[in-house]
1. Can you tell me which of (1) away from the ligand (no atom under 14 Å from the Cβ); (2) modelled with pLDDT of 95 or more is the one D144 doesn't meet?
2. Out of curiosity, is M194 over 19 Å from I141 (Cβ atoms), of a type outside the set (S, T, Y) and part of a helix (DSSP H, G or I)?
3. Are any of the residues in segment 115-129 in contact with a Gly (Cβ under 8 Å, 6 or more places away or on another chain) and modelled with pLDDT of 95 or more?
4. Is there a residue being in contact with a helix residue (DSSP H, G or I) (Cβ under 7 Å, 6 or more places away or on another chain) and closer than 30 Å to I109 by Cβ anywhere in segment 267-280?
5. Could you identify the single residue in F132, F128 that is away from the ligand (no atom under 16 Å from the Cβ), of a type in the set (F, W, Y) and over 20 Å from the mean Cα position of the chain (by Cα)?
6. Consider P8 against the criteria (1) surrounded by fewer than 19 Cβ atoms within 10 Å (Cβ to Cβ); (2) touching a Phe, Trp or Tyr at 6+ places or on another chain (Cβ under 6 Å); (3) not small (G, A, S): it satisfies all of them except one. Which criterion is unmet?
7. Is at least one residue of segment 53-60 within 16 Å of the ligand (Cβ to nearest atom), crowded, with 22+ Cβ neighbours inside 10 Å and within 22 Å of T152 (Cα to Cα)?
Amino acid sequence: MSDIIKAPDHILEAGPFIYADILDFKNLQEIVVNYRVDWIIHFSALLSAIGEQNVPLAMRVNIEGLHNILELANQYKLKLFVPSTIGAFGPDSPRDPTPDLTIQRPRTIYGVAKVHAELLGEYYNQRFGLDFRSLRFPGVISSDTNPGGGTTDYAVAIFHEALKTGRYQCYLEPDTMLPMMYITDCLRSISEYMELPAEKLKMRTYNIHAMSFTPRILAEIVKRFVPEFEMTYKPDSRQKIADTWPMRFDDSRARADWGWHHEYDVERLCQVMFDALWPQYRPGKQRTKPVSKQ
Ligand code: SER
């Protein structure tokens, strides 16, 4: 695992962790050689909302960084995974559901860079035989990492705020539906997909889906765990981004070609998020039993 920032203790304890700068090609070569790297999972990117605030930096990290990784993977014959996203679609794409192959005209630098990555990766695969693989993820939700400048971040922040203050001001409108996925499903999809023999893959970029919900739906479920919870709405520039994204992914090809299936729906997601975050915000306080739906 690598980053340009210091790792917390639990990451250091989990295995090797090194400094790597996606913009420093020599540094990347050195790492591949010294550690005899054979696969790369390339996560570095500025997300959709933060990318709009610093387009030049997003161009460097999301586009130049990808160029470095593709070249590196090609040079050393590495297997390469690059995540793509619901953000790779735009207002001209069908939204409910969004198929794998359709119009992609995203309106964020993040989305443009992801379409660029999908196309270049597929080109390197055909032209040079690079084992490039990509999955288009929904908004990914986890209790380990803090919201990081994405349009789907409300679905992480809501859990922290519900436990901390009992309130959350949502920057999306109540009925904005977006696809989401719990981190465990996301990580499992990557390892299952990367382990597949190449002959199984009919495409190099697949949509994968788990659940779709709106802020209103999520707030209702959160209320079952934190009955005093109140959500208010104050849409900002992220609403404009969300309005152009898929509401639901059609992932039938991933399910048919290589057996993709999700294990976490929205109810189970809420359960695990509260299980993980409750002790952090309400230590020693008896965990309320979720009030069942009327
Ligand atoms: N979670 C990302 C974002 O909101 C989408 O891939 O930017």
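The values are calculated or read from the model by the stated rules, or taken from the named source; none is laboratory data. It should be emphasised that the depicted structure is a prediction, and the values quoted were computed from it without experimental measurement. Quick reminder, even Gly has a Cβ in these numbers, built from the backbone with ideal geometry, and neighbours come from all protein chains shown.
1. Here D144 clears every test but (2).
2. Working: over 19 Å from I141 (Cβ atoms): yes; of a type outside the set (S, T, Y): yes; part of a helix (DSSP H, G or I): yes.
Considered against the rule, which asks whether it is over 19 Å from I141 (Cβ atoms), of a type outside the set (S, T, Y) and part of a helix (DSSP H, G or I), M194 comes out as yes.
3. Taking segment 115-129 first, the residues in contact with a Gly (Cβ under 8 Å, 6 or more places away or on another chain) are none.
No.
4. Of segment 267-280, the ones in contact with a helix residue (DSSP H, G or I) (Cβ under 7 Å, 6 or more places away or on another chain) are 267, 270, 273-274, 277-278.
Now restrict to residues that are closer than 30 Å to I109 by Cβ: 273.
Yes, segment 267-280 has at least one match.
5. Numbers: F132 fails: over 20 Å from the mean Cα position of the chain (by Cα).
Sole residue among the options that is away from the ligand (no atom under 16 Å from the Cβ), of a type in the set (F, W, Y) and over 20 Å from the mean Cα position of the chain (by Cα): F128.
6. (2)
7. Among the residues of segment 53-60, at least one is within 16 Å of the ligand (Cβ to nearest atom), crowded, with 22+ Cβ neighbours inside 10 Å and within 22 Å of T152 (Cα to Cα), which makes the answer yes.
Yes or no, residue by residue, for (1) within 16 Å of the ligand (Cβ to nearest atom); (2) more than 16 Å from Y233 (Cα to Cα); (3) within 19 Å of the chain's Cα centre (by Cα):
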site: G111; (1), (2), (3): yes, yes, yes
site: H116; (1), (2), (3): yes, yes, yes
site: Y124; (1), (2), (3): no, yes, no
site: P138; (1), (2), (3): yes, yes, yes
site: G149; (1), (2), (3): yes, yes, yes
site: L172; (1), (2), (3): yes, no, yes
site: T176; (1), (2), (3): yes, no, yes
site: M181; (1), (2), (3): yes, yes, yes
site: R188; (1), (2), (3): no, yes, yes
